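Only one structure is covered here, and it is reproduced in the block below.
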Amino acid sequence: MSETRIDHDRLFKELLSTFFEEFLLLFFPHVYEQVDFRHISFLSEEVFTDVAAGEKHRVDLLVETKLKGEDGLIIVHIEHQSYTQPAFPERMFLYISRLFQKYRRRILPIAIFSYDAIRDEPSSFTIKFPFLTVVDFRFLTVELRKLPWREYIRRDNPVAAALLSKMGYNESERVAVKREFLRMLVRLELDEAKQRLLFGFFETYLRLSEQEELELRNEVNEMETKEAKKVNDLLISYERRGMEKGKMDVAKQMLAKGYDVPTICELTGLPVEAVEKLKE
């Protein structure tokens, strides 16, 4: 899949809004301990104008919660830029300042860096003189590519499972990363919707070649029998879904070219009801 076609913001928003509690527990347990998760709501998107760059920026995830009984906000800003942005801490400071001006509450900013390169990202912005520090703004960060993926495979955390695909692995470990992701998915025993969310996220960022998939199958078959069956059942399930999606895509193309419904059903194997629904 082309990098330019990946909707990073949507993928990360879905993951973090579905598993926000698990996200904090995984990366910021000290924050997790202070949050009352009985009071969590996701606020509407906020659009601000970046005065310095003259651009608009949409806060990726804005969460309202209570911290030890006090109203508060946690801002999760997801950073996907593939190029160096030396002014990012300044931008973060401006966004948080505007949010504070609007809500007048304590705000905890978090930045997730998910690009492929390994860089040392600053986590503060300062304005100071030799005689006075005027601003000392700091924010929490997660730099995914710096995280050693093997340290997260026993966490039984859905966010950890999905983000294995963005952590620090080399090309020779791709098959092993997906194998461990599948084992985590089996252990988590999530409902179908959440399972599909995690699988779709992972596959977007780490899709194996045909040869790698064969290697994966061989490694799965070498697992303990019961675990191997569960992982194989999971793989077969998603292969079937992929085939059905492929058929639907073909049917859409055929409809666009003027093929009639019976012909499309004959060539794709889809039921008449499914093809008729595509026409709506």
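General observations
- Residue that is farthest from I153 (Cα to Cα) [pool: residues in the stretch 23-36 that are open to solvent by less than 60 Å² (accessible area, probe 1.4 Å) and in contact with a Leu (Cβ under 9 Å, 6 or more places away or on another chain)]: D36
For (1) open to solvent by 70 Å² or more (accessible area, probe 1.4 Å); (2) at pLDDT below 90; (3) not in a helix (DSSP H, G or I), each residue gets a yes or a no:
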residue	(1), (2), (3)
V220	no, no, no
V231	no, no, no
M248	no, yes, no
Q253	yes, yes, no
G258	no, yes, yes
I264	no, yes, no
L278	no, yes, no
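- For R91, the conditions (1) assigned to a helix (DSSP H, G or I); (2) of a type in the set (K, R); (3) touching a residue at least 60 places away in the same chain (Cβ under 8 Å) are fulfilled apart from (3).
- Here A193 qualifies as part of a helix (DSSP H, G or I), open to solvent by 60 Å² or more (accessible area, probe 1.4 Å) and among the small types (G, A, S).
- Residue list for the stretch 67-96, restricted to those being at pLDDT below 85 and either farther than 25 Å from L144 by Cα or acidic (D, E) (or both): L67, K68, G69, E70, D71, G72, E79
- Flag if L235 is within 19 Å of the chain's Cα centre (by Cα) and either surrounded by 13 or more Cβ atoms within 10 Å (Cβ to Cβ) or part of a loop (DSSP other than H, G, I, E, B) (or both): no
- Scan of the stretch 1-22 for residues that are open to solvent by less than 40 Å² (accessible area, probe 1.4 Å) and at pLDDT below 85, ordered by number: I6, H8
- The single condition from (1) farther than 18 Å from P89 by Cα; (2) open to solvent by less than 30 Å² (accessible area, probe 1.4 Å); (3) not acidic (D, E) that Y115 fails is (1).
- Inter-residue pairs, beta-carbon under 7 Å, first over 21 Å from E64 (Cβ atoms) and of a type outside the set (D, E, K, R) and in the stretch 1-26, second open to solvent by 20 Å² or more (accessible area, probe 1.4 Å) and at pLDDT below 80, 6+ apart: H8/H80
- Residue selected from the stretch 112-121 under the condition out of contact with any Pro (no Cβ under 9 Å at 6 or more places or on another chain) and in contact (Cβ under 8 Å) with a residue 24 or more places away in the chain, by the criterion nearest to L61 (Cα to Cα): I112
- Residue in the stretch 95-115 that is over 23 Å from E203 (Cβ atoms), in a loop (DSSP other than H, G, I, E, B) and in contact with a strand residue (DSSP E or B) (Cβ under 6 Å, 6 or more places away or on another chain) present: yes
- Subset of the stretch 132-157 (residues that are among the hydrophobic types (A, V, I, L, M, F, W, C) and farther than 15 Å from F23 by Cβ): L132, V134, V135, F137, F139, W149, I153
- Strands (runs of 3 or more DSSP E) fully within the stretch 122-173 that include at least 3 residues being free of Cβ contacts under 8 Å to residues at least 12 places away in the same chain: 124-129, 132-138.
- Whichever residue in the stretch 129-174 is closer than 20 Å to M92 by Cβ and surrounded by 15 or more Cβ atoms within 10 Å (Cβ to Cβ) and, among such residues, is nearest to the chain's Cα centre (by Cα): L144
- Looking across L214, L208, one residue alone is free of Cβ contacts under 8 Å to residues at least 40 places away in the same chain and outside any helix (DSSP H, G or I). It is L208.
- Criterion applied to S172, S123 was being farther than 25 Å from V35 by Cα and polar (S, T, N, Q), and the one residue passing it is S172.
- Condition met for K178 (open to solvent by 40 Å² or more (accessible area, probe 1.4 Å), under 29 Å from D9 (Cβ atoms), at pLDDT 90 or above and assigned to a helix (DSSP H, G or I)): no
The values are calculated or read from the model by the stated rules, or taken from the named source; none is laboratory data. Quick caveat: nothing in here was measured; it's all calculated off a predicted structure. Please note: Cβ atoms are built from the backbone with ideal geometry, for glycine as well, and neighbour counts cover all protein chains shown. Please note that ligands, DNA and RNA were not included when accessible areas were found on the heavy atoms of the full protein model with its side chains. Shrake-Rupley method; radii C 1.70, N 1.55, O 1.52, S 1.80 Å.
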